[in-house]
Amino acid sequence: MQKELKDKRKDLRDASEEHKNKRNELNAQASTLASKRNELNKKTKDLINEAQEYKKLRDENNEKVQEFKGLRDKTNEKANELFGKVDELRSANNLTGPSLKEIRKDIDRLEFSQQTEVLTPSKEKELVNKISELRKLYDTKKKQIESNTELNDLLTEAQEIREEASGYHTTLSEYAQKAQEYHDKMITTFKEADKIRAESDTAHKEFVQIQEKADEQHKAFIAAQKEIRDIDKELRKLKKKDGGRKGADMEEVRKDAEDIFDKFKSGEKLTTENLMTLQKSGLL
């Protein structure tokens, strides 16, 4: 019985050691995965913070876009009102027709054609005459406008306000471009954060699986240790029981030896077995 228990105890000790080593190995793997997961989580958090900063800058620039859009529209509305009054004065002073700006544009277009295109003599003469007529018209209108102080002042003011609106539009466009750039950076950074988060989720999933296996090995180790303690307890009981049995046997031997010794003192002859009993008892 004791031999069987000791053999089982040895097997359990071996299994317990194997479970402990496997548990420690799995815990080391789990620790590595936890570190990787935590590092990826930190990187994800940093990327999200960066993306949020881009979002903040985008929104700030979009607010500026709306601000300058309002200024542009309000200024254009004022310029349109003034140009409307200019048209009314022109009509009242028989100055209808194309504006100085439109005439100047036509002159520039025709002069460009004259300089860059190959023309027949008749075509070129026709073009020169047309340019000459437009220049005369331009000069005439300009003098008429300049001679009309009210119209001239009103037109100058309208043009200045239109230029102001154009400036607001330019600034608006710059803010809009910046807003788009920050928006693109925000989207790119959020996508990178999603990618890193997916890697972190994978690492966490692996960590949980490895940790569960390590817990299983730990439970098996604890169970083996408990069974070893139970066997040790049983062995102690058996040893104590065997010790009591040996004491009872010695007491019986001593009684037999005393009887044999009394016979010896009475002069009886002793057998070899009697002598061995006396020796075993310690009386001889």
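Cut-off under 22 Å on the C-alpha distance; same-chain residues fewer than 8 positions from residue 219 excluded. Which lysines are left, in chain and number order?
In chain and number order, the partners are 8, 10, 20, 22, 205, 233.
Work out, step by step, the length gained on full extension between residue 150 and residue 74: first 0.36 nm times the residue separation, then minus their alpha carbon distance; give nm to one decimal.
Fully extending the segment from residue 150 to residue 74 adds 25.0 nm.
For the pair residue 219/residue 7, report the inter-label distance in nm, with labels modelled 7 Å from Cα in the Cβ direction.
3.0 nm
May I ask you to compute the full-extension gain from residue 212 to residue 18, defined as 0.36 nm times their residue separation minus their alpha-carbon distance, rounded to one decimal in nm?
That pair, residue 212 and residue 18, stretches by 68.1 nm at full extension.
Given R₀ = 45 Å, FRET efficiency for residue 59-residue 234 by Cβ-Cβ distance, to 0.05?
Computed FRET efficiency for residue 59 and residue 234: 0.05.
Going from most exposed to least, what order do 200, 147 have by accessible area with a 1.4 Å probe?
From most exposed to least exposed: 147, 200.
Residue-wise, which Karplus ³J(HN,Hα) couplings in Hz belong to the stretch 102-117, taking 6.51 cos²θ - 1.76 cosθ + 1.60, θ = phi - 60°, and x for glycine or proline?
5, 5, 4, 5, 5, 4, 4, 5, 5, 5, 5, 5, 4, 7, 10, 9
How much accessible area per residue does the stretch 88-195 have, in Å², with a 1.4 Å probe?
Per-residue accessible area for the stretch 88-195 comes out at 71 Å².
Over the stretch 58-132, with every protein chain in place, what whole percent of the accessible area is carbon and sulfur at 1.4 Å, could you tell me?
C and S atoms contribute 49 percent here.
On the accessible surface of the stretch 1-52, probed at 1.4 Å, how many percent belong to carbon and sulfur atoms?
Here carbon and sulfur together make up 47 percent of the probe-accessible area.
With r as the distance between the Cβ atoms of residue 85 and residue 135 and R0 = 30 Å, compute the FRET efficiency 1/(1 + (r/R0)^6) and round to 0.05.
Plugging the Cβ-Cβ distance into 1/(1 + (r/R0)^6) gives 0.60.
On the accessible surface of the stretch 141-241, probed at 1.4 Å, how many percent belong to carbon and sulfur atoms?
Here carbon and sulfur together make up 49 percent of the probe-accessible area.
So, R0 is 41 Å and r is the distance between the beta-carbons of residue 109 and residue 176; what FRET efficiency does that work out to, to 0.05?
With a Förster radius of 41 Å, E is 0.85.
How high is the relative contact order of the stretch 16-155, given as a whole-number percent (alpha carbon pairs under 8 Å, six or more residues apart)?
26 percent
Output the pairs from 69/178; 36/195; 78/142 with a Cα-Cα distance over 21 Å in this structure; if there are none, say none.
In this structure, 78/142 exceed 21 Å between Cα atoms.
What is the stretch 84-168 by shape, rounded, prolate or oblate, if you read a ≥ b ≥ c off the alpha carbon gyration tensor as root eigenvalues and call it rounded for a/c under 1.5, prolate for a/b larger than b/c, and oblate otherwise?
Oblate is the answer for the stretch 84-168, as a/c is 1.5 or above yet b/c matches or exceeds a/b.
The values are calculated or read from the model by the stated rules, or taken from the named source; none is laboratory data. Since the structure is predicted, the reported quantities are computational estimates derived from the model, not experimental observations. Cβ sites come from the backbone with ideal geometry, for glycine too, and all protein chains shown count toward neighbours. Note: accessible area is taken over every heavy atom of the protein model, side chains too, but ligands, DNA and RNA are not part of it. Shrake-Rupley method; radii C 1.70, N 1.55, O 1.52, S 1.80 Å.
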